[in-house]
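The values are calculated or read from the model by the stated rules, or taken from the named source; none is laboratory data. No experiment lies behind these values; they were computed from the predicted model shown. When we count neighbours, we look across all protein chains shown, and the Cβ atoms used for this are built from the backbone with ideal geometry, even at glycine.
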Amino acid sequence: MAEKKMFWASTKRDEIINRADRLTLDADIAAFEDRYEDAVSLYDKAIEIMPKNADLWAFKAITLKGGLNRDGEAMDAWNRAIELDPVLTDAVDLKEAENPLKNFEEIMKSSNDESCRIKLAKFFRKQENER
């Protein structure tokens, strides 16, 4: 009986994780297609399922900033991501930089044809090259 209960719990957990992954993928696709409001909504739904996932908070922040220019909300989401995973500050520290959003804004405006994730990757590469 205990084995059956454990299997059920494992299966249920996997279903929940798969749902969060599906929402995240849908959010990524929406952002890639410039449907930023939809993307944020989908990230929010994934965050409801996995509220301690720093990556979800970070990509929500990127979408809010890069797609919707909602700076305050973006910074709140970014701060939450950093709370959950302080290593993110090694990639970019939006709070401590002399002009924290300058490079970020330049890259986010660089091409409307690129997804937020591609722009973030470029941003991280640029940060690494400047060190």
Problem set entry | Residue list for the stretch 27-41, restricted to those being in contact (Cβ under 8 Å) with a residue 40 or more places away in the chain and assigned to a loop (DSSP other than H, G, I, E, B) | ASP34
For this session: Kindly indicate the residue of the stretch 42-86 that is within 19 Å of LEU23 (Cβ to Cβ), part of a loop (DSSP other than H, G, I, E, B) and of a type outside the set (Lys, Arg) and also modelled with the lowest pLDDT among those meeting that condition.
Result: ASN53
For this session: Determine whether ASP28 is within 12 Å of the chain's Cα centre (by Cα) and either hydrophobic (A, V, I, L, M, F, W, C) or modelled with pLDDT under 95 (or both).
Result: yes
